[in-house]
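The values are calculated or read from the model by the stated rules, or taken from the named source; none is laboratory data. Quantities reported herein were computed from a predicted structural model and do not represent experimental measurements. Calculation scope for accessible area: heavy atoms of the full protein, side chains included, ligands and nucleic acids excluded. Shrake-Rupley method; radii C 1.70, N 1.55, O 1.52, S 1.80 Å.
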Amino acid sequence: MVFQIQTYISYLWHSKNQHGVHSPFVFDLVMKCFYDKQKHPEYLLLKDYRNQLLQNKNTIEVTDFGAGSKVFKSNTRVINQIAKNAGISSKRAELLFRIVQYFQPTTILEIGTSLGLATSALALGNSKAKITTLEGCPNTIAIAKKQCQLQDLQNIEFVTGEFMHYLNNCQLNTERCQLIYFDGNHSKQATIAYFNALLPSISNETVWIFDDIHWSSDMEDAWKFIQNHPKVTVAIDTFQWGFVFFRTEQKKEHFTIRV
């Protein structure tokens, strides 16, 4: 907790709003997406999805996986507590919806489904997109699948299994994952492994979003590795999320933006 407070203070000190952004691409993203104040009707669907989970007091066995296939944690948890403490916040779900709506990717990969709060935001952002969401725990992904069906979200493929096994065995290409939301194993080793495995899929229009980039010193190291990678041209730090772009026409820049 102390580490996160210190890093957040540093983030506030260095972060800027649109007035400190001189890249037209990033300026438009900030103004038209990050700072979009419209009350989109889809927000009500996201709120309803969350409320249904918050009212669910059933318990499930939750299993988490490390960077390999070895189980490192298994415990019984209450569904509404998972939604409250581990799920994406309402504000972040709305932002994720706006990001998909803004870029309109036709293929989306989510690494880490959990209860599907972020999955529903991805699906609502572009109902015509094909979404593949990966989750190691069969019980949480079953809840997510059921809730998305209740919301009539038909554009989602749910995949249960270890993340690297899927990434190493699926056919990665530009068409398969135009936008990727990384919200799985929050460790340096796993994050860099996912990054390297997915590099063959990048294009000029690729959008990658990394969750919890300041969660620990380990994750900060992973974020520094990513933003300094020679193929990354634009990196945006919004404290909880790191955005990565591979736009070859832009000079390499890193931005710290308040959202």
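Rounded to two decimals, what ratio of Rg to Rh does the range 92-205 give with C-alpha atoms and a Kirkwood Rh?
0.94
Accessible area per residue, 1.4 Å probe, Å², for the range 1-62: what's the number?
69 Å²
Would you list, by chain and number, the aspartates and glutamates whose Cα falls below 18 Å from the Cα of LYS32, excluding same-chain residues fewer than 8 positions away?
List returned: GLU42, GLU94, GLU205, ASP237.
What whole-number volume per residue, in cubic angstrom, does the convex hull of the C-alpha atoms of the range 28-68 give?
Spelled out: Cα convex hull of the range 28-68, divided by residues, is 132 Å³.
Go ahead and estimate [θ] at 222 nm for the chain from helices alone: -39,500 (n - 2.57) per DSSP H run with n ≥ 4, summed, over the residue count, rounded to 500.
-12000 deg cm²/dmol
Taking only protein heavy atoms into account and a 1.4 Å probe, give the accessible area per residue of the range 151-202 in Å².
With the other protein chains kept in place, the range 151-202 gives 46 Å² per residue.
Can you classify the range 184-259 as rounded, prolate or oblate using the Cα gyration tensor, where a ≥ b ≥ c are the square roots of its eigenvalues, rounded means a/c under 1.5, and otherwise it's prolate if a/b beats b/c and oblate if not?
Note, shape of the range 184-259 comes out oblate.
For HIS186, what residues show an amide H to amide H distance below 5 Å, using hydrogens built from the backbone and excluding near sequence neighbours?
Under 5 Å from the amide H of HIS186 lies no amide H from a residue far enough along the sequence or on another chain.
Heavy atoms only, probe 1.4 Å: what % of the accessible area of the chain goes to carbon and sulfur, would you let me know?
With neighbouring chains kept in place, the figure for the chain is 52 percent.
Which residues' amide hydrogens lie under 5 Å from the amide hydrogen of GLU110, considering only partners 5 or more residues apart or on another chain, with H built in the peptide plane?
THR132, THR133, LEU134, TYR181
Where does the chain land on Rg(C-alpha)/(2.2 N^0.38 Å)?
0.96
When the scattering of the range 137-195 is computed by the Debye formula from its Cα atoms alone, each counted once and equally, what is log10 I(q)/I(0) at q = 0.17, 0.21, 0.31 Å⁻¹?
Per q value, in the given order, log10 I(q)/I(0) is -0.74, -1.05, -1.29.
Please compute the Kirkwood hydrodynamic radius of the range 45-158 from all pairs of different C-alpha atoms, in Å with one decimal.
Hydrodynamic radius (Kirkwood, Cα pairs) of the range 45-158 is 14.3 Å.
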